[in-house]
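Below: the structure, in structure tokens.
The values are calculated or read from the model by the stated rules, or taken from the named source; none is laboratory data. Predicted model only: the values in this text are computed from it and were never measured. Here Cβ is always computed from backbone atoms with ideal geometry, including for glycine, and neighbour counts include all displayed protein chains. Quick note on the areas: whole protein, heavy atoms, side chains included, nothing else; ligands and nucleic acids left out. Shrake-Rupley method; radii C 1.70, N 1.55, O 1.52, S 1.80 Å.
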Amino acid sequence: MNSSTPGIEPELHARRAASFGAKAADYAAHRPDYPEKALAWGLAGAAGTPERVLDLAAGTGKVSEGLLALGVEVTAVEPDEKMLAELTRTLPAVTPLIGTAEEIPLPDGSVDAVVVGQAVHWFDLDRAYPEMARVLRPGGVVAALWNHDDESAGWLAELNALIKTSMSRRWLSDYESLPQHEALEPFEKKTFGHKQPRTAETLVATLATHSHMLVATAEEREAKLRTAREFLDRNPETAAGEFDLPITTTVFRARKR
Ligand SMILES: C[S@@+](CC[C@H](N)C(=O)[O-])C[C@H]1O[C@@H](n2cnc3c(N)ncnc32)[C@H](O)[C@@H]1O
């Protein structure tokens, strides 16, 4: 279901979905991780205790790292070789596989949970849902997570309004539920408070890893990042050294029927 990305045409969708590898090391260094409680809540949606977990669209391993800390066995599936290379460099305990959500390179019923960080919006859900259900054992869980800026911090809402690019759009995590699928129970949703230590310089580096920036023209990107830096340098909450970027982590979970 490409309507998972409302208001974005297929060519741009594909370009954005494939944009991350060009900045894989920056992604690993500057994107936030996920709160342990959020990952644990996602896994707790399974019947029984999950042991074998798939990190789907694993990127550089932000979800995998959190899953390892919860003591489960992790397989990572990711289409971009450069993103997966970052993951294998830092997380040798994870089994890395090149693959997509639409064609998951795992046998039927082989995992207890499929966890997806910041990526369901890139999937063709008509093909990805049946694949996720196929690799899950009955009673296994799909958990989808997103980290988003907590814009109840006024300065962050102001910053985001300033740096919106012509590529910006609304995200699935803004909705009350993910689209349903017959193989899955209805999705449940829960949000968790999170934060990431940043400085003006490192927050600009984080912003530069967002796909709307990666696919914008160099001119638009540089102008927006310059605007961000100028704002952060004059804003009292961010001008002097380290501050916490306030984040809301949204989790949707649904058990396989
Ligand atoms: C924003 S990154 C998220 C990476 C990681 N899960 C995280 O939370 O940091 C999105 C990832 O989805 C991957 N991706 C894009 N389209 C995909 C697809 N159809 N199937 C699986 N992964 C996909 C990209 O290569 C990229 O690594």
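Pairs needed: first member in the range 133-146, surrounded by fewer than 24 Cβ atoms within 10 Å (Cβ to Cβ); second member anywhere, part of a helix (DSSP H, G or I); C-beta distance under 6 Å; at least 6 residues apart or different chains.
From the range 133-146, the pairs are TRP146/SER173.
Pick out the one residue from ALA183, ALA205, ALA153, ALA216 that is at pLDDT 95 or above and over 18 Å from the mean Cα position of the chain (by Cα). Walk me through how you get there before you give the answer.
Details: ALA205 fails: over 18 Å from the mean Cα position of the chain (by Cα); ALA153 fails: at pLDDT 95 or above; ALA216 fails: at pLDDT 95 or above.
Checking each option against the conditions leaves just ALA183.
So THR5 passes all but one of these: (1) crowded, with 17+ Cβ neighbours inside 10 Å; (2) at pLDDT 95 or above. Which condition number does it fail?
Status for THR5: all satisfied but (2).
Give, as residue ranges, the helices (runs of 4 or more DSSP H) completely inside the range 147-248 that count at least 3 residues that are without any contact (Cβ under 8 Å) to a residue 24 or more places away in the chain and open to solvent by 60 Å² or more (accessible area, probe 1.4 Å).
Details: elements: 154-163, 200-207, 211-214, 218-234.
In the range 147-248, the matching helices (runs of 4 or more DSSP H) lie at 218-234.
Look at ALA57 and say whether it is over 17 Å from the mean Cα position of the chain (by Cα) and among the aliphatic types (A, V, I, L, M). Break it down into steps so the answer makes sense when it comes.
Details: over 17 Å from the mean Cα position of the chain (by Cα): no; among the aliphatic types (A, V, I, L, M): yes.
No.
When you look at ALA113, is it closer than 18 Å to GLY45 by Cβ, at pLDDT 95 or above and touching a helix residue (DSSP H, G or I) at 6+ places or on another chain (Cβ under 6 Å), yes or no? Give the derivation first.
On the way: closer than 18 Å to GLY45 by Cβ: yes; at pLDDT 95 or above: yes; touching a helix residue (DSSP H, G or I) at 6+ places or on another chain (Cβ under 6 Å): yes.
So ALA113 fits the description; yes.
Considering (1) closer than 13 Å to VAL77 by Cβ; (2) within 14 Å of the ligand (Cβ to nearest atom); (3) polar (S, T, N, Q), say which one SER110 fails and leave the rest.
(2)
For the range 19-54, which residues satisfy the criterion of being near the ligand (Cβ under 7 Å from one of its atoms) and not aromatic (Phe, Trp, Tyr)?
GLY21, ARG31
For the range 72-79, check the following and say yes or no: at least one residue is over 18 Å from VAL141 (Cα atoms), near the ligand (Cβ under 10 Å from one of its atoms) and of a type in the set (D, E, K, R).
Initial filter on the range 72-79 (over 18 Å from VAL141 (Cα atoms)): 78-79.
Filter again for near the ligand (Cβ under 10 Å from one of its atoms), leaving 78-79.
Next, only the ones that are of a type in the set (D, E, K, R) stay: 78.
Yes: the range 72-79 contains one or more residues that are over 18 Å from VAL141 (Cα atoms), near the ligand (Cβ under 10 Å from one of its atoms) and of a type in the set (D, E, K, R).
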